[in-house]
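Structure first, commentary second.
The values are calculated or read from the model by the stated rules, or taken from the named source; none is laboratory data. What you see is a predicted model, and the numbers here were worked out from it, not measured in a lab. As a convention, Cβ positions derive from the backbone with ideal geometry for all residues, glycine included, and neighbour counts pool all protein chains shown. Please note that ligands, DNA and RNA were not included when accessible areas were found on the heavy atoms of the full protein model with its side chains. Shrake-Rupley method; radii C 1.70, N 1.55, O 1.52, S 1.80 Å.
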Amino acid sequence: MSASLFGVLWRHELTSLYRNRVLVVLFSLVLVVLLAALWAGSSQWHTQQRTLGRIRAHRQEMQDSLVQRIRRVEAHGMHYPGFIWDDPTYAYNTARNEGPQYAVKAPFALQALAAGQSGVQPFYYKVYITKKQQLVHESEIDNSYLQFVGAFDFAFVVVYLLPLLLIVFTYNVVSSEREQGTWVLLKTSNQSIARLTLMRLGIRYGLFTLFFWAVVTPVLAALVGPAFLATSNWWWLVVAVSLYFAFWVALALLVNSFSLSSNLNALTLIFLWLVLGLLVPALLQFGLDRAYPIPSRIAITSAERDAINRYFERDGQTLTKEVFSSPRTLIRQASVVTPGMVYGYGVIVYKSQEIKDQATQQAERQLYGQIEQQQAALRGWQLMSPALLLQETLAALAGTHWQQFNHFSRDVDAFRYHTQRFFYPKMAQEITYRTFTVADAEAIPQFRPRVYADYHWLPIGPSWLLYAGITATVLGVGYRRLLHATR
C-alpha cells in the first residue's frame, strides 16, 4: 500500500513540477551555478599545481647552479673572481643566495570545493634563515580589481545560494493546495494529510539531492581526477551537505504547517535564511572579536625591535668586542670588504636572529592563542547556525581551514629552525671562513611537501549527528502540527 501510494505521489510530483516548469527552471539554475563554482574552484587548484611545478624546476635550477659554482671555485684553487659577497664557499653567502628553500602545502583535490583560508594564507613560502617569505611576485597573484565578486566557490553556492532554491522548491507544498481549492478534497481522502505532505517533501528532497550529486560527482572527477572518491573527506562531505539540505526541507515542512499563504511561507523561510545564514554568523563574529580581541601584527614587529634593542644595550659591548673590533674580522678597521667581514656579518646575523625569533615566538603565541580561543568559542555556538557549521566542515574537509594552514605554518617554522641549525655552525664556528663544499650544498635541508587535509581535530560526526537530531525534531513538530490541521 505504501509503495503504491509512493508511486502515485512520485508521478504526481514529477508531472506537476514539470507542467509548471519549476523542475526545468530550478534544476537549470542549479546546474549553471554548480558548473560555474566547480570550474572556478578547479581552476584555482590547477593554478596551484602549475605553481608547484615551477617551484620544483626553480629549486632544481638553483641547486645545480650552486654545485657548479662551488666546483669551479675548488677547481681554481679556491680563487673566486667575482664579488666576495657572492662567493658560494662562504656559508653566510650561500644561506642568503641559493640556500633558501621552498616550503609547500600540497593542494588537496577537494580544495576545489572550498577556498576557505586560501585567499588570505600562503600555500608556500621561501624559507630564509632570517625569515619565511611569502612569494608575492609569482604568477598566481590575481588582480584585486577583478575580485569584486569575492570567492565564488562550491562552498558559497551550497551554504548560501542553494537553500534559497530549496525554499522555492518547497515553500508551497501545503498552501498551494488551499489556494487551488484541493485542500478540501485531500481532507476527505482516507490518507493522512501530514503523511502525504511528508512524502511529497521527501520526494522533492530526494529529487533535489540526487540531481545535485549527479552533477557534482562526475564533473568534479573530470576536473581534478577521481582520487578524492577514495577519501573519507569526500564521504563526510556528502553526509554533511545532504543533512544541510534536509534541515531546510524540514524547516519548510514546519512553516507549511502554520496554514499561511504561499507568499507568507516564502517570506518566512527567506527571513529564517537571513537569520541563520547571515545575521547569526555576523553577530557571533562581532561578539567573539570583542570577547577575544586579536592583537595587532604590529605588536610582533614591536616585540622584535624591543628585544633587539634590549640585547644590544645589554650585550652590545660583548658583540662589538667579539666581532666588530676583532682583529680577525676587521669590520671597523677595514676600508674594503675582507673575508673576515663576511664571517663577522654571519655571526651578527646568527646572534640577532636568535633574539628576534625568541621575541617573535612570544608575540605569535599570544596572537594564535587568541585565534584558537575564538575558534573554540565559535564551535560552542555553531549549532545556532547550520550555515556556520557547514562552512567550517567544508573548509576542514577540503584542507583549507585555519587550523590546517596554521599547522603548515608551524611546520615551516620548524623547518626554518632546522635550516638555521644547518647553516649557523658553518657561518660562525668554523676556523676558516670558506668552508661550504659541494657535499654541504647537497645536504641543504629540503621541506617535504604534504597535504594538510586531516580533520580529526574537528568533531564532525558528533556535530552533524546532533544536527540530524535537530532536523528530525523540526520534522516531528511540523508533522504533528499537520496531523491536527483543521483549515
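Could you tell me which residue of region 1-10 is farthest from the chain's Cα centre (by Cα), considering only residues that are exposed (fewer than 10 other Cβ atoms within 10 Å of the Cβ) and assigned to a helix (DSSP H, G or I)? Within region 1-10, the match that is farthest from the chain's Cα centre (by Cα) is Ser4. Just wondering, is there one or more residues in region 300-310 that are modelled with pLDDT of 80 or more and open to solvent by 20 Å² or more (accessible area, probe 1.4 Å)? So far as region 300-310 goes, no, none of its residues is modelled with pLDDT of 80 or more and open to solvent by 20 Å² or more (accessible area, probe 1.4 Å).
Does region 39-48 contain at least one residue that is hydroxyl-bearing (Ser, Thr, Tyr), closer than 30 Å to Asn97 by Cα, in contact (Cβ under 8 Å) with a residue 12 or more places away in the chain and open to solvent by less than 70 Å² (accessible area, probe 1.4 Å)? For region 39-48, residues hydroxyl-bearing (Ser, Thr, Tyr), closer than 30 Å to Asn97 by Cα, in contact (Cβ under 8 Å) with a residue 12 or more places away in the chain and open to solvent by less than 70 Å² (accessible area, probe 1.4 Å): present.
Residue-wise test of (1) more than 22 Å from Gln382 (Cα to Cα); (2) of a type in the set (Val, Ile, Thr); (3) in contact (Cβ under 8 Å) with a residue 60 or more places away in the chain.
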{"position": "Leu210", "(1), (2), (3)": "yes, no, no"}
{"position": "Thr217", "(1), (2), (3)": "yes, yes, no"}
{"position": "Ala222", "(1), (2), (3)": "yes, no, no"}
{"position": "Ala230", "(1), (2), (3)": "yes, no, no"}
{"position": "Trp236", "(1), (2), (3)": "no, no, yes"}
{"position": "Leu243", "(1), (2), (3)": "no, no, yes"}
{"position": "Leu251", "(1), (2), (3)": "no, no, yes"}
{"position": "Asn256", "(1), (2), (3)": "yes, no, yes"}
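In region 80-114, of all residues being more than 25 Å from Phe422 (Cα to Cα) and at pLDDT below 85, the one that is least open to solvent (accessible area, probe 1.4 Å) corresponds to Gly82.
Pick from region 455-487 the residues that are within 24 Å of the chain's Cα centre (by Cα) and surrounded by 14 or more Cβ atoms within 10 Å (Cβ to Cβ): which of them is nearest to Tyr125 (Cα to Cα)?
If we filter region 455-487 for residues that are within 24 Å of the chain's Cα centre (by Cα), which is where we start, we get 455-465, 467.
Right, trim to surrounded by 14 or more Cβ atoms within 10 Å (Cβ to Cβ) and you get 455, 458, 460, 463-464, 467.
Values: Tyr455: 23, Leu458: 26, Ile460: 30, Ser463: 34, Trp464: 35, Tyr467: 39 Å.
Across region 455-487, the extreme among qualifying residues is Tyr455.
Of all the criteria given as (1) farther than 25 Å from Ala3 by Cβ; (2) assigned to a helix (DSSP H, G or I); (3) touching a helix residue (DSSP H, G or I) at 6+ places or on another chain (Cβ under 9 Å); (4) modelled with pLDDT under 95, the one not satisfied by Leu253 is (1). For region 136-148, the condition holds for no residue, the condition being that it is surrounded by 16 or more Cβ atoms within 10 Å (Cβ to Cβ) and either over 26 Å from Ala443 (Cβ atoms) or at pLDDT 85 or above (or both).
Can you give me the number of residues within region 70-96 that are in contact (Cβ under 8 Å) with a residue 24 or more places away in the chain and either in contact with an Asp or Glu (Cβ under 9 Å, 6 or more places away or on another chain) or among the acidic types (Asp, Glu) (or both)? Before you say what the answer is, go through the steps one by one.
Pass one, region 70-96, residues in contact (Cβ under 8 Å) with a residue 24 or more places away in the chain: 70-71, 74, 78, 84-85, 87-96.
With either in contact with an Asp or Glu (Cβ under 9 Å, 6 or more places away or on another chain) or among the acidic types (Asp, Glu) (or both) added as a condition, the list becomes 70, 74, 87-89, 91, 93-94.
Final tally of qualifying residues: 8.
Restricted to region 431-454, and to residues there that are farther than 30 Å from Pro122 by Cα and aliphatic (A, V, I, L, M), the residue that is most open to solvent (accessible area, probe 1.4 Å) is Ile431.
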